[in-house]
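Remarks on the structure that follows.
The values are calculated or read from the model by the stated rules, or taken from the named source; none is laboratory data. Note that this is a predicted model, so its numbers are computed, not measured. In this analysis, Cβ positions are derived from the backbone assuming ideal geometry, glycine residues included, and neighbour counts consider all displayed protein chains. These accessible areas exclude ligands, DNA and RNA; they are computed on the full protein's heavy atoms, side chains included. Shrake-Rupley method; radii C 1.70, N 1.55, O 1.52, S 1.80 Å.
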Amino acid sequence: MNSRRDNGLAGAERVVTTICNSHCGGTCVLKVHVKGGAITRIETDDGEEPQLRACLKGRAYRQRVYAPDRLKYPMRRIGARGEGQFERISWDEALDTVAGEIQRVKKTYGSSSILYWVSAGDGGALHGVWRRMSRLFCLMGGYTRPWGLHSYEGAIFAELTTYGNALVTDTRDNLLSSRLIILWGWDPVNTIADTNTSWYLIKAKEAGIRIISIDPRYTDTTATLAHEWIPIRPGTDAAMLIAMANVIMTENLQDQAFLDTYTVGFEAFKDYVLGVEDGIPKTTSWAEAITGVPAATIYRLAKEYAITKPAALMAGIAPGRTAYGEQYHRAAIALSAMTGNVGIPGGSAAGKVWSIINLLRMGSGLRIPPNAVDAETPPPKDKLPSRSSGYVYGHGAVNVFRLTDAILRGKSGGYPADYKLFYLSSSNIVNQWPNSNRVAQALKKLEFIVVEEQFMTATAKFADIVLPTCTFLERNEVLTGLLPPFYGYRNKVIEPLYESKTPLEIADELAARLGLSNYNDKSEEELLRQIVQGSDVPDYDTFKAQGIFRVPLPLPYIALSKEISDPANNPLPTPSGKIEIYSQQLVDMENPKLPPIPKYIETWESVNDPLASKYPLQLITTHCKRRAHSQFDNIPWLREVEPHAIKINTSDAQDRGITDGAIVRVFNDRGRVIVPARVTERIMPGVVDLPQGAWYNPDENGVDRGGCCNTLSKDEPSPGGALPSNTILVQVEKA
Ligand code: SF4
């Protein structure tokens, strides 16, 4: 709601209600104070509970809008790729050049040589998604769009194979009906994972619900909410889950009636778990040797989970961001089904702990025509057939984590095309894609790169043309959020600063230069109206004035409740119509690393890898509270909150003569990083944590002084498509 108030000083101050959504896991209300056309401060929701309260990043957004390093005008590169030397040019020159290069590359090499990628950035239904540029490129004859999601491709794989549906998360209020909550590799106090997740977990704790946290780190979530912390070696979570299944089977504690009614393949899983299949019973002792978790702890947790009903196994997505991370998610779902906790109040389907986007719907503003390049390219062998079902980032011929290799090797490497032009929107791929040094090498090979950005990121330094976009406070947008479910109207607070433009303006002006007269004949306002018309919002103008429409839905929403309460009329969209603990779809993929039942498969770069003699520490790359991926890393207020550092256990630090705050070198065969060390007992021995998102900044020797974790990560996806960003071996030593 927009209101005006006199603050007693000269001139009136406006307070504009708008919505933050910064690829952070949240969607929160900002009350932005504006005076004389400038933002003076930012407050947040202070209304009725549950409030949609902003985190520190949203509250600090004023420093982002007015950051001295904002990109102010279009620029052309004048130095070598990556050097960051640019000169100012006009918008006309910039857009003429981009349009000319798109036409040249299409004519010379064909549409498949054009790549487009966008990250969520500050997402929204009009400016912030694929739609805008996908429409433009599809109208031109298509483009290569990679498939795969960095955040939770392993979870999607598991959900599609096991449930046939990748939207199987409950609303958080369902936690209040639980008797036991297991937070598996999940730190929502820092990562948000939907606004109000922590609020509901606090209420659960206050209600006396037992909370257990399984994580290599003693996270802020563990410290504030959990009754028990169980540290576990990264990449071994599936082994612990499978050993828990062994306890439940051995003691006959499974919910057999549930298994008989709703699942297929339990017997095959049982044969594997009990060792009938391969002669190796997956006992708690077997798992202790792999995970580092004492056998007695695994036994106790298995019994507690099986006996306490309902119980919510909240399978965080970080353990799935490992080599064979799909198996962790498949095993978690199998365990949830074995205990009959799927689709019931207080249970959990053990799906990814992320937004339930199927609760809310929007109309489409700009329609995307079929992509001719997708149609002419055969689906890759490593892609789950149901992955092309239209779910976000599902289409495309190349897994996004193979794209670096695809750019470097092209057709001669077996990829569908030789890639020549890359158009990137709000996507800092040098920083955020695995193996930063190799991504940088790949970008040097391309003929033309365009980057739409707000800052001179590591990726923008490789662009031929940089186009400055405005922040979300400088444009109108609509979006959805949880929890409670709502539609948000993101009111423009101030006019775009400097020469920055909205993403839609850029697309409109490019389309005109490309001769796409049918691209868009509507204004931003008309398109937003059209999007809102396809939603549950009753009246656009009231919605726009109030900034928020809370959806009167019956809550809690329990995923798969229909399928469980009335299975005859609601079969699951799997081939069998049931929960597939055994998947014929996986048999048909003929990949031994994608077995039809959930299995523990030892990761590459595990503690048993011969490489561990050289690089003995397991690196995890977590999310910290002061960044949303690589966003906000340059914001002074947020830098004060938590200095960037690698966390190392006291014993590992002592072995290396490293003291708290000492500058250390972190390295492996892929790269070297120089950062301060944070010596702490809050991470288990043998594991180090370099939070992701710090800005890649290599010196003249190629040593990254910015502390970017992807300088060290491997650009090889897991067989099911998961990003193994928590499967990395490194060594740490005093610099
Ligand atoms: S950054 Fe995310 S969690 Fe923080 S205020 Fe914005 S939307 Fe909310």
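In whole angstrom, how far apart do the alpha carbon centroids of the stretch 588-663 and the stretch 458-488 sit? The stretch 588-663 and the stretch 458-488 have Cα centres separated by 28 Å. Taking only the C-alpha atoms of the stretch 468-530, Rg followed by Dmax gives 13.8, 44 Å. A P(r) calculated from all alpha carbon pairs of the stretch 163-305, with 10 Å bins opening at zero, reads 11, 34, 36, 18, 1 percent.
Here the spin labels are modelled as points 7 Å beyond Cα on the Cα-Cβ line, and at Asp609 and Ile202 they lie 4.0 nm apart.
For each pair in Lys270/Lys309; Lys383/Lys420; Lys383/Lys461, compute the distance between the two Cα atoms and list the pairs where it is over 27 Å. Among Lys270/Lys309; Lys383/Lys420; Lys383/Lys461, the Cα-Cα distance tops 27 Å for Lys383/Lys461.
Beta bridges from DSSP with both residues in the chain: antiparallel share about 55 percent, rounded to the nearest 5.
Can you give the FRET efficiency to the nearest 0.05 for Tyr73 and Ser412, using r as the Cβ-Cβ distance and R₀ = 51 Å? Let's see the in-between values first.
Values: r = 39 Å, r/R0 = 0.77.
So the FRET efficiency works out to roughly 0.80.
Here is the list for the stretch 294-384: trypsin sites (Lys or Arg not before Pro) lying in DSSP coil, each with at most 13 other C-beta atoms within 10 angstrom of its C-beta, are Arg361, Arg367, Lys381. Of all lysines in the structure, those lying under 19 Å Cα to Cα from Lys35, and not within fewer than 8 positions of it along the same chain, are Lys492.
Each distinct pair of alpha carbons in the stretch 47-135 adds a 1/r term; the inverse of their mean, the Kirkwood radius, is 17.1 Å. Treating r as the C-beta distance of Thr261 and Lys309 and R0 as 25 Å, the FRET efficiency rounds to 0.95. Using the Cβ-Cβ distance between Lys522 and Arg179 with R0 set to 41 Å, the FRET efficiency from 1/(1 + (r/R0)^6) comes to roughly 0.20.
Computed over the stretch 302-450, the alpha-carbon pair-distance distribution with 5 angstrom bins reads 2, 7, 11, 15, 16, 14, 12, 10, 6, 4, 2, 0, 0, each value a whole percent.
Directionally averaged projected area (the chain, Cα convex hull): 30.8 nm².
Can you spot the aspartates and glutamates whose alpha carbon is less than 17 Å from Lys72's alpha carbon? Ignore those fewer than 8 places along the same chain. Candidates past the 8-residue exclusion: Glu87, Asp92, Glu93, Glu452, Glu453, Asp464, Glu474, Glu495, Glu499, Glu505. Exposure check, 1.4 Å probe, all protein chains in place: Cys20 carries approximately 10 Å² of accessible surface. Compared with the dominant principal axis of the Cα atoms in the chain, helix 237-250 is inclined by about 30°. If the limit is 29 Å between Cα atoms, which of Lys303/Lys352; Lys593/Lys734; Lys444/Lys625; Lys203/Lys303 go over it? Beyond 29 Å between Cα atoms: Lys593/Lys734; Lys444/Lys625. Under 16 Å of direct C-alpha separation, and excluding same-chain neighbours fewer than eight residues apart, Lys107 reaches these aspartates and glutamates: Asp418, Glu447.
Above 25 Å lies some portion of the pair distances; for the stretch 108-208, what is it as a whole percent of all C-alpha pairs? Beyond 25 Å sits 45 percent of the P(r) for the stretch 108-208.
Is the stretch 415-487 best put as rounded, prolate or oblate by its Cα gyration tensor, with a ≥ b ≥ c the root eigenvalues, rounded for a/c under 1.5, and otherwise prolate when a/b is larger than b/c, oblate when not? Since a/c reaches 1.5 and a/b is larger than b/c, the shape of the stretch 415-487 is classed as prolate. Quick one: Cα centre-to-centre distance for the stretch 28-69 and the stretch 142-182, in angstrom? Cα centres, the stretch 28-69 to the stretch 142-182: 30 Å. Going by a ≥ b ≥ c, the root eigenvalues of the Cα gyration tensor, does the stretch 511-642 fall in the rounded group (a/c under 1.5), the prolate group (a/b larger than b/c) or the oblate group? Oblate. Where does the longest stretch of the chain lie that holds no chymotrypsin sites (Phe, Trp or Tyr not before Pro) found in a DSSP loop with 14 or fewer other Cβ atoms within 10 Å? The longest uninterrupted stretch comes out as 67-497.
For the chain, the longest principal axis of the Cα atoms and the long axis of helix 295-307 meet at an angle of about 80 degrees.
Rounded if a/c is under 1.5, else prolate if a/b beats b/c, else oblate: with a ≥ b ≥ c from the C-alpha gyration tensor eigenvalues square-rooted, which is the stretch 1-150? Prolate is the answer for the stretch 1-150, as a/c is 1.5 or above and a/b outweighs b/c.
Axis angle, to the nearest 10 degrees, between helix 91-109 and the longest C-alpha principal axis of the chain: 60 degrees. For the stretch 631-735, what log10 I(q)/I(0) values come out of the Debye formula at q = 0.17 1/Å, with one point per alpha carbon and no solvent? Summing over Cα pairs of the stretch 631-735 leads to -0.81.
When only DSSP loop residues count, what trypsin sites (Lys or Arg not before Pro) in the stretch 47-110 have their Cβ near at most 13 other Cβ atoms within 10 Å?
On the way: sites: Arg53, Lys57, Arg59, Arg62, Arg64, Arg70, Lys72, Arg76, Arg77, Arg81, Arg88, Arg104, Lys106, Lys107; in loops: Arg53, Lys72, Arg81.
Here the sparse-neighbourhood loop sites are Lys72.
Test of understanding: given the chain, find the longest segment containing no GluC sites (Glu not before Pro) that are in a DSSP loop and have at most 11 other Cβ atoms within 10 Å.
Working: sites that count: Glu48, Glu83, Glu590, Glu681, Glu700.
With GluC sites (Glu not before Pro) excluded where exposed in loops, the chain gives 84-589 as its longest stretch.
Size descriptor for the stretch 646-689, Kirkwood hydrodynamic radius: 10.4 Å (Cα pairs only, one decimal).
At the listed q of 0.22, 0.23, 0.25 Å⁻¹, the Debye profile of the stretch 526-598, built from one uniform point per Cα, gives log10 I(q)/I(0) equal to -0.95, -1.00, -1.09.
Looking at the stretch 565-676, what % of the alpha carbon pairs are farther apart than 21 Å? It would help to have the intermediate numbers written out before the result.
Values: 3971 of 6216 pairs.
Here the tail beyond 21 Å accounts for 64 percent of pairs.
Go ahead and estimate [θ] at 222 nm for the chain from helices alone: -39,500 (n - 2.57) per DSSP H run with n ≥ 4, summed, over the residue count, rounded to 500. Value at 222 nm, helices only: -8000 deg cm²/dmol.
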